[in-house]
Amino acid sequence: MPQNQQPIDPRWAWDRYRPSDAAPWDLKKAGHLFRRAAFGATSAELQAAVREGPERSVTALLQGRADAQGDELWTTMSRSLADANVGDQLSALWLYRMLYSAHPLREKLTLFWHNHFATSNIKVRNVGYMLGQYELMRRHAQGNFRTLLTEMSRDPAMMVWLDTIQSQRNQPNENYARELMELFSLGVTNARRPGQRNYTEDDIRQAARAFTGLRIVDGRGVFRESDHDGSEKNVLGQRGRWRPDDVVRICLEQESAPYFIARKLFRFLVSDSLDATPALLEPLATEFRRNYDFGALVERVLRSNLFFSAHAYRTKIKAPVDFVLGIARGLEAHRAAGAGQGGLGTVELARVLEGLGQRLFYPPSVAGWEGGRAWLNGQTFLLRQNLALALTSTTDVRFGRRLDPAALLRRHNANTNAQRVDFLLRVFLQGDVPAASRTRLLDYAASAERQAYPVYWTADDAANHRMRTLGHLVLCLPECQLD
Amino acid sequence: MQTTRRDFFRFSLTGSSMVALTGAIPNFLGRAVAQTPQAQRPGARDTILVVVQLTGGNDGLNTVIPHSDPNYARLRPTLRIQNFLRVNDTVGLHPAMTGFNSLLQDNALCILQGVGYPNPSQSHFRSMDIWHAASMADVLNEGWIGKALRHIPAASSFHLANANEAAPLALTGAPARVPSIASLDDFQLRLQASSAGDRRQQRDLLNSVSRPGNPQPTLLDFVQRTAVQTYDSSQRLASLGREYQPRVPYPQSALGNHLKLAAQLIDAGLGARLFYVTQDGFDTHAAQLPAHAALVGDVSSSITAFYRDLAARGQGNRVLVMVFSEFGRRAHENGSRGTDHGSGAPMFLIGGRVRSGIVNAHPSLVNLQQGNLPFSTDFRQVYATVLDQWLGVPSRPVLGQQFAAVDVLRRA
């Protein structure tokens, strides 16, 4: 969190970050980048990023890699889930893709949109529709926001979620029109003049009439003229015989729209505790409103001074997905998967995530997950620590031995206590912990060597046990909760 | 820092911000409850509500049986129950409900007949949502208990969950997320230690690395305070949990275990006032008799054990258990020795302060509405009564309008 109270210079904030003596490119910044623009990183990925520098590292994340095999697996799995309409495994399916994706930023931004459009299968009750919406958001995850928003009004999951399919020309349902303005494009109050409202109840009623006529036919959203109220509407001061796409256009012409989205992205990528003032957002909003190129907006943020500054560093609480996948990636879950040993399964992981408050495809309300400090309370904190143990202990039947810290440390030739502690601290926290914490870990590692172990344990058994315990303790450091 | 009891609860396990408790923790998990162990009047602030949801649509007609009505035999040619437990000249309880029958003798069971709502939905999901949200609006995304919790932010609450059961709609909208827990183990920090000494060392390490070192209110500081607070309370809760021994045996069932856990949490003096527990399986479309007998038997014996356990601890007058289902079932049985979705059904209220006995006449078996029993009491009247007279929460803002109270609670 910033120590000084001086406002941040917006021009500096969004200018391209270039390493300097004052702000060198280092392991900490690489770790920060992979936490925000991916779901964590392996030791090798971090080292490569430090070598490559910020320009190329960001480019690699923006572009991702092709993964035909993974895409094919996804198609097969998602089809079978949709056919069986098994909502229980939706979360596990996506988690699997996030964990093993060759293009993690794309999944991360899809998650951003999922939280934005916050549609839950609890009401939709149709896995095919939910996956259809996921594909729509993923398709435009780095694309054009106007296109995404326009297509969203015809998305079957959304049409069920916000009742457009119930809407009759003589009795329009206002649900979608209201959320389109309040949650999807404008917000209640003006982005620059907080005392001023963005729309009136009458705007909603008029817009609702424009959204009549949307129906689901054979699993697809269609616009049916005969069910549509074709008369004139007055929406946000513009008169015409508006149809759904016109209302989206009108919304995006409002002053607040680019700010609204930029602020939300700011909270997602930069900080959920730093105040995103209109002045700070102005350069982003001005550029964004030109064509609503969301991919360009993301790129600008990820390459910016502010993103790599202390204002952003560790100024978010990790979402459950980030906490869990960060551990799995740091412990090289993909390795077992790549070696054909079967990677870490995500069905159990998804179940635990639900206890942590984040069940994908089931956001808690139309407003999505509250996020920030709301993620952590006494119970979820304990659950996180206990989950870290379940993943690292190798004795939990749900997760088995796939994320064994002992195997990881042996692979990386960490043979002394100091090497082991430092390796773990580097992978998960880029070594950025108070010296006292490191000392405590080293002291513990030394005293653990003098512990009595069961007589039937070999020396290797005991050493493995100590390494796994070290892994758990590192993951219990409070710094691990910060994103 | 002065820590009031209110503060303590605010930062209790449901709180999303366990920050403010630094030194003055002892009162936190101490016997603060001892101040007011009994609700001398309905609406006293320490009253406890336990909601038991019978998921799937309970067959009210075979739960509270109108034995004297000749139409009952006509509507239920194969499902008719003849060895009922007689309550009065007109109705009796299902024979598996011996526990509830004994509660009647003890003046601790209120049977409220004919509860429903206008234009009932026979979709499980829609009807359940309506009961959870206490609203018939098209879009329902906040629950009545969640909204009530905004008026009593100091009260903690728990969803006693089955494995893989998401938090119910009824609890959404609360100022802090209501935790779903399956056992007290959920509150224990687990460590893999080779000995007691090792365990102590690991705990010491975690406490030491979590100690807030920065006087500035940074995000790390928030995490550290959460950590220190949580480690401490989890240890205290472990010892409190160990002290608890049920005073009466509970049935070995999921519902029995959940209610035992509720008793444990109440006994621990955490300030918990709201509990939510569900029992699935009531969607008895075919071969209903054995399945339904097992279900209502479990409901009756689990809740009876729970009430008697608390009563033995002097807490019987603090607790109110409210049992509902999203709908009753069709009056006429179907061709598969089962029943299809219906509407109105009885509710049960259990506790030391209920108006024990039968409230309302049994719904008519002649004037069926599309084959379903008519309702005489809107369930929101029951909610209003519970909110106003039991929890001390104004019902109007929660329910959106004023509902007439029903006479189900005794005044002290």
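Structure notes:
- Chain B contacts chain A over a buried accessible area of about 4200 Å², both sides summed; the probe is 1.4 Å and only protein chains count.
- Per-residue average of Cβ from other chains inside 10 Å of B:193-202: 4
- Among B:ALA361, B:GLN105, B:LEU206 the positive-end extreme of the charge dipole of the protein assembly as shown (Cβ point charges): B:LEU206
- Think of the protein assembly as shown as having a plus end and a minus end, set by charges on the Cβ of Lys, Arg, Asp and Glu; of B:GLY197, A:SER153, B:ALA404, B:GLY197 sits farthest toward the positive end of this dipole.
- Residue pairs, from the table A:LYS316/B:LYS147; A:LYS108/A:LYS318; A:LYS29/A:LYS318; A:LYS123/B:LYS260, whose Cα atoms sit over 25 Å apart: A:LYS316/B:LYS147; A:LYS123/B:LYS260
- Dipole magnitude (debye, nearest 20) for chain A, charges at Cβ of Lys, Arg, Asp, Glu: 420
- Accessible area (Å², 1.4 Å probe, nearest 10) - B:ARG355: 90
- Neighbours of A:ARG16 by Cβ distance under 9 Å: Lys/Arg scored +1, Asp/Glu scored -1, total +1.
- Cut-off under 5 Å, modelled amide H: who pairs with B:PHE158 long-range: B:LEU274, B:PHE275, B:TYR276
- Mean separation of Cα contacts under 8 Å (6+ apart) over length of the range A:320-481, as relative contact order %: 25
- Averaged over the residues of peptide A:368-380, the number of Cβ atoms from other protein chains lying within 10 Å of each residue's Cβ is 6.
- With the highest mean first, a sort of the peptides B:82-95, A:217-230, A:30-43 on other beta-carbon atoms found within 10 angstrom per residue produces A:30-43, B:82-95, A:217-230.
- When the helices of chain A are scored as -39500 (n - 2.57) per DSSP H run of n ≥ 4 and the total is divided over every residue, the value at 222 nm lands at -16000 deg cm²/dmol.
- Taking θ as phi - 60° and the Karplus parameters 6.51, -1.76 and 1.60, the scalar couplings of the range A:188-194 work out to 5, 10, 4, 5, 9, 10, x Hz in sequence order, x denoting glycine and proline.
- For the range A:320-481, taking the reciprocal of the average inverse distance between every pair of different Cα atoms yields a Kirkwood hydrodynamic radius of 16.8 Å.
- Area of B:SER68 that stays accessible when all protein chains are in place (1.4 Å probe, Å², to 10): 70
- When the solvent-accessible area of the range A:320-481 is split by element, carbon and sulfur atoms take up 50 percent of it, the probe being 1.4 Å.
- Amide proton proximity set for B:HIS341, modelled H, under 5 Å, gap of 5+: B:ARG330
- Span from the the range A:229-275 Cα centroid across to the the range A:206-225 one, whole angstrom: 19
- Take each peptide in A:293-305, A:70-82, B:341-353, count the other Cβ atoms within 10 Å of every residue, and average; sorted highest first, the result is B:341-353, A:293-305, A:70-82.
- Heavy-atom accessible area, probed at 1.4 angstrom with all protein chains present, ranks A:LYS233, A:LYS318, A:LYS264 as A:LYS264, A:LYS318, A:LYS233, highest first.
- Computed magnitude of the charge dipole of the range A:320-481 (debye, nearest 20; Cβ of K, R +1, Cβ of D, E -1): 160
- ³J(HN,Hα) computed for each position of the range A:233-240 - Karplus, 6.51 cos²θ - 1.76 cosθ + 1.60, integer Hz, glycine/proline x: 10, 10, 10, 6, x, 10, 9, x
- Solvent exposure of the range A:320-481, expressed per residue, is 35 Å² of accessible area, with all protein chains present and a 1.4 angstrom probe.
- For A:ALA407, net neighbour charge (Lys/Arg +1, Asp/Glu -1) across residues whose Cβ lies under 13 Å away: +4
- Cut-off 15 Å between beta-carbons: net charge of the residues surrounding B:HIS292, Lys and Arg +1, Asp and Glu -1: -1
- Highest-first arrangement of A:453-461, B:314-322, where packing means the average Cβ count within 10 Å: B:314-322, A:453-461
- Charge dipole magnitude, Cβ of K and R +1, D and E -1 - the protein assembly as shown, Cα centre, debye nearest 20: 1240
- Charge dipole (the range A:66-118, unit charges on Cβ, about Cα centre) - positive-most of A:HIS103, A:SER78, A:GLN89: A:HIS103
- Cβ neighbours within 10 Å from other chains - mean over A:352-364: 2
- Fraction of accessible area attributable to carbon and sulfur, the range B:182-320 (%, probe 1.4 Å): 50
The values are calculated or read from the model by the stated rules, or taken from the named source; none is laboratory data. Just so you know, these numbers come straight off a predicted model, no measurement behind them. Please note: Cβ atoms are built from the backbone with ideal geometry, for glycine as well, and neighbour counts cover all protein chains shown. These accessible areas exclude ligands, DNA and RNA; they are computed on the full protein's heavy atoms, side chains included. Shrake-Rupley method; radii C 1.70, N 1.55, O 1.52, S 1.80 Å.
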